[in-house]
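Shown next, in structure tokens, is the structure this report addresses.
The values are calculated or read from the model by the stated rules, or taken from the named source; none is laboratory data. Bear in mind the structure is a predicted one, so any value in this text is a computation, not a measurement. All Cβ positions, glycine included, derive from the backbone under ideal geometry; neighbour counts span all protein chains shown. What goes into the accessible areas is simple: the full protein's heavy atoms, side chains included, and nothing from ligands, DNA or RNA. Shrake-Rupley method; radii C 1.70, N 1.55, O 1.52, S 1.80 Å.
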Amino acid sequence: MPGASVPDPSGSGPVAVVTDSTAYLSPDLVAEHGLTVVPLQVVVGGRARAEGIEVSSRTVAEALRGWTPVTTSRPAPAVFAETYRKLAAQGATRIVSVHLSGELSGTVSAARTAAEEVADVTRVEVVDSRMMAMGMGYAVLAAARTAAEGGDLASVARVAAEVAGATRGWVYVDTLEYLRRGGRVSTLQTLFGSALSVKPLLGLVDGRLELLERVRTASRALTRLEELVVAEAGAAPVDVTV
């Protein structure tokens, strides 16, 4: 199971669930499930701001359209350590921390470093979801439900990893340009896509965002996206987020 364990100093007690802002869970869901969200830093024009708090998706989109440099930065280990200690002070003797794929961000690494730092007050299990956005969000919500039902540290972390592992993610973008600027795809892929005027379909493969197919039009890309989802789901009931 993905994760990092540290010695358990405390015996039994409630399990708190922590995630990061790239799950993009609504404030209502965060409050309903008692989640703690640690924001990533979005650097717009050289100024770092907390995602979802000091900077919105609209702000980022406007900056990209205006050719303002935009990058992201993981939370510092100290931010995670402060979060874990605060939860411990509130009575959480165990914490499951579920985060953005380690192939896309150093967030998981920062969380693991912090988990070791707070071993004197609480035990933290860090789960690399290998997903992003609501693909990770489903794992976070499953972990929170298990914790609310009285699940222990191992079961809460296991559920998070299992749900994340059973989740699939696809992305349609009209152009690879913005992903290239953010360092998510190579310049070669971007040039190839632009030269042929194709519409890229991407998917999460082993935690990485990879170019899966190239199609000619936006309508065909969206149709193909639907085909991929339906084929993956089969006859089973599934949860879908767009």
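Of the residues Ala166, Val15, Gln41, the one whose Cα sits farthest towards the positive end of the charge dipole of the chain is Gln41 (charges of +1 on Lys and Arg Cβ, -1 on Asp and Glu Cβ, taken about the Cα centre).
In what sequence, largest accessible area first, do Thr71, Thr93 appear using a 1.4 Å probe?
Working: Thr71 65, Thr93 30 Å².
My answer, sorted largest first, is Thr71, Thr93.
Maximal additional length on extending the Ala218-Glu162 stretch stands at 16.8 nm, based on 0.36 nm per residue less the C-alpha distance.
First compute the accessible area of the chain with a 1.4 Å probe, then give the percent of it belonging to carbon and sulfur atoms.
Values: 6520 of 12260 Å².
The nonpolar share, carbon plus sulfur, comes to 53 percent.
On a 0 to 90 degree scale, rounded to 10, what angle separates helix 153-165 from the longest Cα axis of the chain? It works out to around 10 degrees.
Given a Förster radius of 45 Å and the C-beta distance between Val173 and Asp120 as r, what FRET efficiency does 1/(1 + (r/R0)^6) yield to the nearest 0.05? Write out the running numbers ahead of the final one.
Working: r = 45 Å, r/R0 = 1.00.
Calculated transfer efficiency: 0.50.
Per-residue surface analysis assigns Glu103 an accessible area of about 90 Å², computed on protein heavy atoms at 1.4 Å probe radius. Taking max minus min of the alpha-carbon positions on each principal axis, region 54-128 gives extents of 47, 26, 16 Å, largest first. Accessible surface for the chain, divided over its residues, is 51 Å² per residue with a 1.4 Å probe.
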